[in-house]
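Worksheet: the structure to be examined is printed underneath.
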Amino acid sequence: MNVTDERFLTRNGLAARQLAVLLLNHESDTRLPRVRDFAEELGCGNGTVQAALQLLEESGAIETTARGHLGTFLVRSDRSVLWRLSGLGTLLAAMPLPYSRRYEGLATGLRGAFEAAGAPFAITFMRGAGARTAALLEGKVDLVVLSRFAADQLIAEHPVELVAELGPATYVGAHGMLLRHGADLDSPGLRVAVDHASEDLRMLVERVFAGREDIEWREASYMQLPDLFARDEVDATVWNLDEVQDRIGLGVDVLPLGDEVTRELSLRNSSAAIIGRTGGAKALAAVRESLDLSLVTRLQTEVLRGERVPSY
């Protein structure tokens with residue numbers, strides 16, 4: 001049964017599709033709102049809601065039972081059918097390139113959680129939080145995965161909102177100061193690498209070197225960084241240590257980040273966040289209620305430990 005069924009093209013069918021969105025947020029064996037409450041929310045009559053509920057039952061999306069004065073209860077629901085009937089479609093999420101095992105684990109966890117929720121889901125990989133957010137605002141993707149640090153900045157500046165946060169070490173393991181062996185952090189004209197395509201790394205490195213007017217900024221991506229250090233073209237930077245692990249040579253020292261503010265920013269940078277367009281309220285609500293975040297982190301951990309082969 002699908003939305004091409006002509007029954008779903010009627011007034012009752014439209015109400016059924018709207019109800020499907022709302023019912024994605026209800027667990028089995030829970031009491032449903034009253035028919036008149038559904039009718040008020042959908043802006044239709046009680047009879048239309050009753051017909052819509054019957055249509056959803058006939059399609060195999062839900063099973064309900066009346067329990068007298070206790071009301072009507074949802075016995076079971078098939079989330080994949082509800083999602084299909086809702087018209088929300090396949091959700092496309094943009095996340096960083098899967099160059100680290102942590103990102104591979106995150107992609108694996110997200111796919112597994114969305115599949116468990118019965119939500120059609122696909123991933124596209126894009127470098128740079130700014131580029132991913134632009135794709136979101138242009139309607140090219142539905143969700144964006146980035147650090148909580150970058151998410152906070154973007155939420156303040158654009159019509160996007162937080163869908164979920166996954167907790168520390170889900171986006172990156174740690175950040176550190178990379179310093180060319182023999183270089184002096186206090187020396188004038190220090191050459192510091194910065195990647196403006198990465199909003200979070202840009203903000204971190206600028207915070208660490210705030211107030212230093214003598215800095216010589218050198219644009220660099222994670223792919224270029226080992227060669228730039230090897231050729232003595234940069235002296236220092238702040239970077240995601242997942243990216244440089246086993247790639248930075250012996251001539252580079254890894255130092256802890258300094259002050260408390262920077263460490264707090266780095267902690268927020270390590271937590272993965274998912275954002276979506278504010279205008280897609282119904283889809284975002286369905287995602288929030290459907291997604292098992294503990295499943296995401298469990299699958300990611302299994303990939304990091306080598307207990308699961310990445311699959312995304």
- Task: Within segment 253-273, work out how many residues are modelled with pLDDT of 80 or more, open to solvent by less than 20 Å² (accessible area, probe 1.4 Å) and farther than 16 Å from Ser198 by Cα.
- Result: 1
- Check segment 224-237 and report whether any residue there is modelled with pLDDT under 90 and among the aromatic types (Phe, Trp, Tyr). no
- Query: Counting just the residues of segment 127-148 that are touching a Leu at 6+ places or on another chain (Cβ under 6 Å) and at pLDDT below 90, which one comes out least open to solvent (accessible area, probe 1.4 Å)?
  - Reply: Ala129
- Message: For a quick check of your reading of the model, give me the residue pairs whose first member lies in segment 121-140 and is of a type in the set (Gly, Ala, Ser), whose second is part of a helix (DSSP H, G or I), with beta-carbon atoms closer than 6 Å and at least 6 apart or on different chains.
- Response: Ala129/Ala150; Ala129/Glu199; Gly130/Glu199
- Query: Can you name the residue in segment 286-312 that is touching a Leu at 6+ places or on another chain (Cβ under 8 Å) and modelled with pLDDT under 95 and is also surrounded by the fewest Cβ atoms within 10 Å (Cβ to Cβ) among such residues?
  - Reply: Glu289
- Message: Condition first: under 32 Å from the mean Cα position of the chain (by Cα), under 29 Å from Glu115 (Cα atoms), of a type in the set (S, T, N, Q) and open to solvent by less than 60 Å² (accessible area, probe 1.4 Å). Can you find one or more residues in segment 62-76 that meet it?
- Response: no
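The rows are residues; the columns are (1) open to solvent by less than 10 Å² (accessible area, probe 1.4 Å); (2) free of Cβ contacts under 8 Å to residues at least 12 places away in the same chain; (3) more than 26 Å from Asp152 (Cα to Cα).
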{"position": "Val192", "(1), (2), (3)": "yes, no, no"}
{"position": "Leu204", "(1), (2), (3)": "yes, no, no"}
{"position": "Ala230", "(1), (2), (3)": "no, no, yes"}
{"position": "Val234", "(1), (2), (3)": "yes, no, yes"}
{"position": "Thr237", "(1), (2), (3)": "yes, no, no"}
- If you go through segment 172-183 one residue at a time, how many are of a type in the set (A, V, I, L, M), open to solvent by less than 10 Å² (accessible area, probe 1.4 Å) and part of a strand (DSSP E or B)? 1
- Val163 being within 22 Å of Arg268 (Cβ to Cβ), touching a residue at least 24 places away in the same chain (Cβ under 8 Å) and open to solvent by less than 40 Å² (accessible area, probe 1.4 Å): yes
- Restricting segment 87-100 to residues that are surrounded by fewer than 24 Cβ atoms within 10 Å (Cβ to Cβ) and touching a helix residue (DSSP H, G or I) at 6+ places or on another chain (Cβ under 6 Å), the one farthest from Pro168 (Cα to Cα) turns out to be Gly87
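The values are calculated or read from the model by the stated rules, or taken from the named source; none is laboratory data. All values reported here derive from a predicted model rather than from experimental measurement. Counting neighbours? That spans all protein chains shown, and the Cβs are built from the backbone with ideal geometry, glycine included. Calculation scope for accessible area: heavy atoms of the full protein, side chains included, ligands and nucleic acids excluded. Shrake-Rupley method; radii C 1.70, N 1.55, O 1.52, S 1.80 Å.
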